[in-house]
1. Which members of the range A:183-208 meet the condition of being surrounded by fewer than 17 Cβ atoms within 10 Å (Cβ to Cβ) and under 19 Å from A:Ser170 (Cα atoms)?
2. Suppose we filter the range A:90-143 for residues that are at pLDDT 90 or above, more than 50 Å from the chain's Cα centre (by Cα) and among the polar types (S, T, N, Q); how many remain?
3. Taking helices (runs of 4 or more DSSP H) that do not extend beyond the range C:150-249, which have at least 1 residues that are free of Cβ contacts under 8 Å to residues at least 12 places away in the same chain and small (Gly, Ala, Ser)?
4. Residue by residue through the range A:37-62, note down the ones that are over 20 Å from A:His94 (Cα atoms), in a helix (DSSP H, G or I) and among the aromatic types (Phe, Trp, Tyr).
5. Would you confirm whether any residue within the range A:154-176 is surrounded by 10 or more Cβ atoms within 10 Å (Cβ to Cβ), more than 14 Å from chain C (Cβ to nearest Cβ) and in contact (Cβ under 8 Å) with a residue 40 or more places away in the chain?
6. Here's a check for you: in the range B:231-250, which residue that is more than 7 Å from chain C (Cβ to nearest Cβ) and free of Cβ contacts under 8 Å to residues at least 12 places away in the same chain is nearest to B:Thr178 (Cα to Cα)?
7. Within the range C:21-42, is there a residue that is within 24 Å of C:Arg204 (Cβ to Cβ) and basic (Lys, Arg)?
8. When you check B:Ile253 against the structure, is it within 14 Å of chain C (Cβ to nearest Cβ), surrounded by 23 or more Cβ atoms within 10 Å (Cβ to Cβ) and modelled with pLDDT of 95 or more, yes or no?
Amino acid sequence: MSKELEPLSDPGLPEHIHRKADIDPIAAKRAERQVAILFSLSAVGTLLFIYSFFFVNEDLFIFIPIMGSTNAQQLGIGIGMAASLLFIGFGAVHWAKTLMPDQEVIAERHELKSEQSDRDAFVQTAKAGAESAGLGRRPLIKRSLAAAAGLAGLPAVLLLRDLGPLPGNSLNETSWKSGTRLVTDPGDRPIRPSDLEVGAVAQVMPELAPGKKRTLEDIAKDAVLLIRLRPSEFQLDAERFSWTYEGIIAFSKICSHMGCAVALYEQSTKHLLCPCHQSTFDVTRAAKVIFGPAARPLPQLAITVDADGFLIAKQPFTEAVGPSFWERKS
Amino acid sequence: MKFISKYRKHRFARPLLLLFSLCALGFTFSVATAAPSSNSMAADARSTLIQEGQQIFLKGCSSCHGLNAEGAGVGPSLIGVGAASVDFQVATGRMPMQDMSQQAMRKAPVYDEQEVAALAAYVASLAPGPRAYTNEEIKWERDGNTAEGGELFRNNCAMCHNFAGQGGALTQGKYAPTVMGVEPRHIYEAMITGPQAMPVFSDKTITPAEKLSIIKWIKSAESEPSLGGAPLGRVGPVTEGLLVWTLGLGLLIGIAVWLTAKSR
Amino acid sequence: MTARERIAGNVANYVDERTGAAAWLKKNLNKVFPDHWSFMLGEIALYSFIILLLSGTFLTFWFDPSMRHVVYEGSYQPLKDVEMSAAYASTLHISFDVRGGLLMRQIHHWAALIFAASIVVHLLRVFFTGAFRKPREFNWILGVALLTLAIVEGFLGYSLPDDLLSGTGIRIAHAIIQSIPVVGTYLSFFAFGGAFPGEVFIPRIYIVHVLLLPGIFLALITVHLMLVWYQKHTQYPGPGRTEKNVVGYPLMPVYMAKAGGFFFIVFGITAFLGAVASINPLWLYGPYTPGQISAGSQPDWYMGWLDGLVRMSPPLETYLFGKTISWNILIPGLIIPGIIFTGMALYPFIESWITGDKREHHLLDRPRNVPNRTALGAMSLTFMVIAMINGGNDIIATHFDLTINQIMWFSRIGIIVLPPLAFVITKRICLSLQRKDRELVLHGRETGRLVMLPHGEFIEVHEELSPAKKFALTQHEQPAAIELVKEDAQGVLNPKGIRAKIQARLSSANAENIAKPTAAEVKELESGHH
């Protein structure tokens, strides 16, 4: 402790230096005028706001350096509002700084701890109160109260049950079934292999049953990316290769990491990049993850052509699409 | 020599010397990195456009792309890429590439329109490929639908080029450039040829009419003034956050310092 | 008595007869508040909160928090006839068809960013000056809670319009919820009313954003301010300032004018930003659909560190006994933030355990005089800054000609290596600043004037510091480390065992300081020097 080291003594608060406005009445008048000007500028700001709000054409755009071409009405009401508020503030602060007393004042701090007598009195009161409640002598009341209170909380939790349905098996299912046609998104046109050049991509969806509308929940699971390479460029095992068709390969567009749409295809490197967290997938190796936080490759959709020559899914996805979850079978 | 020693300590000596060194450095740099001059044919090259193109090709392109455009290590084969690719790459200045980095960047074109047409004709003569377009025949204003184009852009283009077409990062230093300020024909040709890392968008998956809509939306976004004030690059929350921490807090803390400072 | 005085008297009498307010007012109108710009950072947050309430209420008069599908029929042509949710369409309506609507939207969003930023700088000030020590530990915990809520509130707020960028953020939040072991899928289906994105999420977060959280904020902020009021504000050390007093200006009129004026200034600056800088131009983002994404998608800045942590995570996922656990989501998304915020909340208790200091403190520390705490703060800041940089790695890459892969690896390695480095460097800087202070007190300020003494020696004239300055530089305490008591006089081993050893070790590291000059040393030099 610094008990052995004697500290320097406290010289006390420094001398108060008077401001110009305190001594010189002309300076005080000048400060008063300055405050008044600031408050008036606020009024000007309000006027600018009112004028811009009612009289400036909302389709008028003007050029301001740095900002570029900007909407005049928006700028007018914005600057007007800003000025009307700012100058009240500047005025009030300038008034306080120049004219209000600036002598530093000292106030005492009292120890936050209560007086010992108060503390004792509190303890007495609390004890007396607790004793008169009689909890200590009546354990049956205590226990039954605890049980009732604990149980009473349950309805609050149970009421939340209908917030949503149970997941069931829905996370494992998509709209892709054996024979579902691949259609363009948007446009819903079926696709022939010859429609895609080597190096082309297409955003596809499963064909809808007539009369049905595609919902966002469907899109969140069904979105597929179609990519065409040369068959020789694939480095796939026999089974995965059989899921491609003449160099065309299909992957779920929903990132296996956190569900963003992975459609950023680099033709030169044959890599897919997810822009959310930069997971990178190698298309030639069935979307194997080569960089970034994704832990699993994108699920591949097995495709072939039907009798009319349009691309169809051979079978549903063999694994759940999208981000992982506890019950997911890897 | 006397001049130098006489004015050695002059107060303008150092700034002038600095200015001179900077100019010399800049001049040397610009000379060293100057693109080859577009010193085109001598007057006797009145042969067909294709032959003209071949001459230009041999002079300016064959060192990377091979004497017969078959590819030569650094540059890929151009057989089958079509006039569209040539028009896109050369008329936007991407080719000839200035430095061997990951990506050819848009810069001032080296060859003029006539030379580009010649090169395109030559490459097109090697093998069939997508044809080049002129701005006039891309009737985006008449036939395009802005709203539909926006939907298509967000579905097919925004993941690389960003929601406002400002461009975005790809892996290993590649990037999708901004699509602002690009001629309609080049946008069209890029979609059908898939330059460098960009994939091809076939006419069957994005129809020509849809491509026109995309161009119309791009042009609309390009000419759209920023409604709310300075656009801050149209890249989203990163620049917005930067502005708060610099201008926003800077102003507020500065005012707080003024507020608590002692007045004279 | 003038007419005005008479009326005022009547009003005061009326109120006092019903509330007994005069007693309380008499004491508190003269309450003293110390004056320093760094004490105004919390005020920026408070005023931003009020601005958020006002501008937010305005927006609720037009916003439709529904995910019902509508076809756009407003005035923004590039979205004509596009299908979107009512929430998005109503936000477009506010932006294009309500006069002042876009301005208020922008003010609201800028105010939210300033709110979070000012909370952070306020937290840093409180941390580095030690204002969280007894009796203010509870207020510190309230502050950490307010920061957490501010981040959540902001996230929910910018997700309400259901645009492509914020919808992507919700997708990410959904993935985090879903990845929670055992209950994840149930929680996500309950939160979203079914599969993602569902039709109920926006209306539900709307109520959280406009009712639940603002209510909790009001309550917590009130307690936070009441504590500051009742415990009295801390003050910087200096001549005339002690642990037992407060030196400053009275509430009325100075503080009312300055603080009230500052409210208008904060509002004005926020309105200025709303006028001149575009924020969240969601008509360019387009409505949210899970099949679309934009390059360069980031959350708002106060969540950038979370995004950065998730980006730099190694691809860890385990599949054991038929169950999947995504460590690559849980660790950066839940576990590390949980550790950070819990650690932050408990810090006052951790520090008082290390120093063994159980006394009240009302004088603030100069950061250099508490090197370990300052170094720890610098270390944490470095961690957050690296995480935040990685959150924007794609934007940084395209603008500074780098690759996202380089920045990712820099962040992965840097976030482990750079914070300890920052700790060591900061601590050494603090100690050398202490050394400089000691030099200043003992030998005075170097004036730069050279004098040649009669016998030929050159000396630099040092100007002695004023007593006030000397006092200010030596007023702080330098407590000794806790001694490790292995066993007491009877030979009984310390029951705290290993905890005592750790405490002693940390305490001695914490007590490493350059000894400040004593009065005796100063006097000795004063007599010897000229």
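1. Within the range A:183-208, A:Leu208 is the sole residue that qualifies.
2. 4
3. Working: elements: C:164-178, C:184-192, C:201-207, C:213-231.
Passing ranges, in order: C:184-192, C:213-231.
4. Across the range A:37-62, the qualifying residues are A:Phe49, A:Tyr51, A:Phe53, A:Phe54, A:Phe55.
5. yes
6. B:Thr239
7. So far as the range C:21-42 goes, no, none of its residues is within 24 Å of C:Arg204 (Cβ to Cβ) and basic (Lys, Arg).
8. On the way: within 14 Å of chain C (Cβ to nearest Cβ): yes; surrounded by 23 or more Cβ atoms within 10 Å (Cβ to Cβ): no; modelled with pLDDT of 95 or more: yes.
Judged against the criteria, B:Ile253 is not a match.
The values are calculated or read from the model by the stated rules, or taken from the named source; none is laboratory data. What you see is a predicted model; the values in this text were computed from it and never measured. Here the Cβ is made from the backbone with ideal geometry for all residues, glycine too, and neighbour counts use every protein chain on show.
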